Amino acid sequence: MRHSHFIRRIIATLFIVLICSAGFGIAQARSIESVSFLMAAPFADATQDLVKQFNQEHRGNISLQVVRGPLETEAMSDLAISSLLLGKAPFDGLLMDVTWLPKYAAAGWMQPLEDYFSETDIASLAIGAREGNSYDGHLYRWPMNADMGLLYYRTDLMEQPPETPDQLVQVSQSLQKDKKVDWGYVWQGRQYEGLSCVYLELIDGFGGDWLKTDSNQIGLNSKPGVEAAAWLQGLIDQGVSPRAVTNYGEAEALQSFKVGDAAFMRNWPYAWAELQKSDSAVKGNVGITTMVAKPGHTTATLGSWGLTVLKGSSHVDASIEAIRFLTSETAQKQLFLKYGYSPTQQRVIDDPQLLQDKPILAEFGRALKVATPRPQTALYAQISDVLTRQLSSILTGERTPENGMNVAAANTNQILMSAGEKP
Amino acid sequence: MNRRTLVGLLLLWSLGPLLWQVYTSFCSDQALIQPFVSHDQRWTLIHYQSVLNANPPFWRYLVNSLIVGISSTFLCLLLALPAAYALNRIPRQLSALSRLALVGAALFPYVLLFLALLELARALNLGNQLLALSLPYAALSQPLAILLLNNAFNDLPPELEDAAKLEGLSLFQRFRWIFIPLISPATASTAILVFLFSWNEYPIALTWISDSSKLTLPVAMARIAGSSIYSVPYGAYAAATVLGSIPLVLLVLIFQKPIVSGLTSGAVKG
Amino acid sequence: MIIFLLLPALLLLLVVFVVPLFRYAWLSFHADSVITGLIAIPNGGANWLRLLQDLRYWQDLGQTLRFAGVSVGLELILALCIALLLDQRWRGRDVVRTLALIPWALPTTVMALGWRWIFNTPYGPIDHFTKIAGIGSLNILGDPNFAWIATVWADVWKTTPFAALILLAGLQTIPADLYEALRLEGGNALICLRRITLPLLRPYILLALLFRLAQSFGVFDLIQVLTGGGPASTTESIALYAYWNALRFLDFGYSSTIIMASFVLISLICVIAWIGLQVLIPTHPKSRGVIEL
């Protein structure tokens, strides 16, 4: 008897709490629209101040919240996808890497944004930043920062950075012979997306093409495609790059370059700010240029992160408001000055005051002009996966460059065919 | 080789990697990269600070895992106890067949279920709910639990139940006053094994939980694997592995008897 | 009445073990991917045809078998040694047994991270050791010849205690007088092992083997965190490939096909391994034939 009395009391209490919280929730929802974006951790940290500003400006109106995701791009993508697959995504928008967009759009997860951004808005973007925001005729993404592959070099070791692949090898070898550095060039050789980025710059730089998405023409086993792979493999064979580069991501390459072990490094713009910190052994001795290439073929892999709104969000207008704020000129300046994130608005890139304070911005701008996106297809994850797999076999000596790139081309073809993209 | 060397080797093999993590977790980043150079700041607590002050803080994952572990264990036992009892009271052939099926299910590499379970979570809206995880966990540990408990029921003398029936005890009363106390050692072993499984499970938690404040420890650990793009953050990893290991090391030290008897009783009965 | 006691457990088991298998079988005959907008469309046997031609799947299967075979084999040998050591009576035995159990209790992902550091090139302890020993840097996780050994190593480390405990339980059922009788006939330790220990341990070895074999075919956590399947996909397992296909490539039809095919193959291999070992391990008049559990 006492037992049931007790249970009844608990149930009653729970009931009251439930009603109260529901009522409270409704009252809250009516007055303030709360919008949440999922971002990779570095961006979530970098935008903290901006979010605070936004919430102050829109007090009582919109409350913006940033959900802090993991730090690695691939882990971030896995997280976003599993949230979306689970059904109700716990956020309204997503800060998205340029390569995810076609897949997400094809899966029907994205809200088209062309009604919210005009032609003039688009024209205000730097040329490289206009790429990779649309799929199938719809605009889905608004770029927040531009990322492009860059070649970092040591200004204390050379007057001029090399421009062609051969020059890079020569400079490295002579520096190594003089015992100035342990290694010539460090880059991303682990089997993951970063390796595709490294390779894209080279296949384009040797005058080839990875995949033409309009005609589905595969260039991996063409002459430039094989040359690019062979060059990377040769770096390891000739001792220009350490053997361990086959397990390097961005962090490992940066670590090696930062302590002064290497003369060159391929990395993204964020590394610049890192190399200027006080614990950097190469502080003040670093220059930036575009990746080495055959004359006239200079490219930089476009990395770029942009904001999107998920289909089914009940706060589209408020989300757009937040996106506009986070990608505004002031916001971009702030992100660049404090965190080194390179801007996407042409006006910011050309800002004379900014250029005077941070001359490095000019280099970012130059690289962004030649930035190329990776193949824009919903099957990108698969085709990049087969590419990195074969490249990794080549780099570790499991396959010859010809053989590996032939297999990569055949696998790519198979993927396109079984998806019905190709007869 | 004498026994002492062998025991030493065994301990080195079992505990060496853990001790290395402990050592790493107290080393400053500089000392990790250049181990043979003397540093003014070799030892540091900074890794622990960064892990504990992260957002969400590390203990949150421990609490989450604890919640999932306890609720799964409870649910699993709630279903397995009656089933294990009933298994002896159905026709002999049917019972043998069920036991065979249970062995098969216990052996099943459950990782392969992830996709179907993900769909289940989506269909029933179970994603991102800690307590919902106990459903698959209870189900996955069910075969082993039923088998272990069934062994325990088998060991009870059959006269016991007859006597209890003559006393006029109902089924529930028999359970409450006779069986539960008598098989409590087996129940404890089963409970701790189920708890360990739920605490350690990875693929399902990975697909069912995406909200970072609801992650269980194993998934959080895997996510920490990408915790910094700026340098190789092995000091912080090590601090996290040490913090994540402590509860389990304690668990093993305290409960080693029921764990061992649980693991071996299945085999002993074979 | 009895049936109501069984029903809840039975229902849960059906939902979690049986329904998925039917679902996979059904999905494997459908195209359900990002290309179809995540809607299942029947596609005949196209998935299965693709699987037959998918060299990557067969390579992954081979790698998974290699991983499972080598790690379970090493595990059993090591476990037998540990069990024999722990079966003897000496001071502090219980403490050592408890300490040796610790690796088994830790979540796989926790120590996978630890192993990533231990095998790290150039800062990990193994790399320091090989450099001092004059072998030079091995680049363990970056070299296809070594990376899979690293995964086996980490797996053996974690799961040996489990196998050792099961074997220890078996050893403790062997009556001591059997050994004494054989020793009186002049048998040495090796003969004892072959004629008494192994035959009487048979059911336990088979149990440990079967359980570990099935589980290691599904290896996932360890590889995902330790190597991510690399380098050159030489450590990728079938579970990982199925996972990539579902969550990264959004191709649920093909992922189901991989899972279904692997399930059938694993069952077959387990049965074969079981029969094979029954023939291989010598029998003893007192040893039981089949595991009844």
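Below is a table of values for the structure above.
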| item | result |
| --- | --- |
| Residue, farthest from residue A:80 (Cα to Cα), within segment B:122-138, restricted to residues that are part of a helix (DSSP H, G or I) and free of Cβ contacts under 8 Å to residues at least 12 places away in the same chain | B:123 |
| Extreme residue, farthest from residue A:93 (Cα to Cα), among residues of segment A:49-66 that are under 23 Å from the mean Cα position of the chain (by Cα) and assigned to a helix (DSSP H, G or I) | A:49 |
| Residues located in segment C:20-34, provided they are within 7 Å of another protein chain (Cβ to nearest Cβ) and surrounded by fewer than 22 Cβ atoms within 10 Å (Cβ to Cβ) | C:23 |
| Filter result for residue C:86 (within 9 Å of another protein chain (Cβ to nearest Cβ), at pLDDT below 90 and either assigned to a helix (DSSP H, G or I) or over 30 Å from residue C:168 (Cα atoms) (or both)) | yes |
| Residue tally, condition more than 14 Å from residue A:255 (Cα to Cα), part of a loop (DSSP other than H, G, I, E, B) and either touching a strand residue (DSSP E or B) at 6+ places or on another chain (Cβ under 8 Å) or of a type in the set (Lys, Arg) (or both), over segment A:272-298 | 5 |
| Members of segment B:179-207 found to be under 30 Å from residue B:161 (Cβ atoms) and within 10 Å of the chain's Cα centre (by Cα), listed by number | B:191, B:192, B:193, B:194, B:195 |
| Subset of segment B:131-150 (residues that are more than 8 Å from chain C (Cβ to nearest Cβ) and either over 17 Å from residue B:107 (Cβ atoms) or in contact with a His (Cβ under 6 Å, 6 or more places away or on another chain) (or both)) | B:131, B:132, B:133, B:134, B:137, B:149 |
| Any hit, segment A:266-289, residues being in contact with a Leu (Cβ under 8 Å, 6 or more places away or on another chain), of a type in the set (Lys, Arg) and at the interface with another protein chain (Cβ under 8 Å from one of its Cβ atoms) | no |
| Residues of segment A:109-137 satisfying the condition of being within 14 Å of chain C (Cβ to nearest Cβ) and at pLDDT below 90 | A:136 |
| Selected residue [within 14 Å of chain B (Cβ to nearest Cβ), at pLDDT 85 or above, under 17 Å from the mean Cα position of the chain (by Cα) and buried (at least 16 other Cβ atoms within 10 Å of the Cβ)] from C:222, C:168 | C:222 |
| In segment B:141-174, the residues that are aliphatic (A, V, I, L, M) and in a helix (DSSP H, G or I) | B:144, B:145, B:146, B:147, B:148, B:149, B:152, B:160, B:163, B:164, B:166, B:171 |
| Contacts under 8 angstrom Cβ, first residue in segment A:47-59 being free of Cβ contacts under 8 Å to residues at least 24 places away in the same chain, partner surrounded by 13 or more Cβ atoms within 10 Å (Cβ to Cβ) and among the hydroxyl-bearing types (Ser, Thr, Tyr), 6 or more apart | A:55/A:63 |
| Test for residue C:68: is it among the aliphatic types (A, V, I, L, M), crowded, with 20+ Cβ neighbours inside 10 Å, in a helix (DSSP H, G or I) and within 13 Å of chain B (Cβ to nearest Cβ) | yes |
| Qualifying residue in segment A:253-261 (condition: assigned to a loop (DSSP other than H, G, I, E, B), buried (at least 22 other Cβ atoms within 10 Å of the Cβ), within 17 Å of the chain's Cα centre (by Cα) and in contact (Cβ under 8 Å) with a residue 60 or more places away in the chain) | no |
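Here is a yes/no grid of residues against (1) in contact with a Pro (Cβ under 6 Å, 6 or more places away or on another chain); (2) away from every other protein chain (no Cβ under 14 Å); (3) over 30 Å from residue A:115 (Cα atoms):
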{"position": "A:334", "(1), (2), (3)": "no, yes, no"}
{"position": "A:345", "(1), (2), (3)": "no, yes, no"}
{"position": "A:359", "(1), (2), (3)": "no, yes, yes"}
{"position": "A:365", "(1), (2), (3)": "no, yes, no"}
{"position": "A:381", "(1), (2), (3)": "no, no, no"}
{"position": "A:391", "(1), (2), (3)": "no, no, yes"}
{"position": "A:402", "(1), (2), (3)": "no, yes, yes"}
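The values are calculated or read from the model by the stated rules, or taken from the named source; none is laboratory data. All of these numbers come straight from a predicted model, not from anything done at the bench. Here the Cβ is made from the backbone with ideal geometry for all residues, glycine too, and neighbour counts use every protein chain on show.
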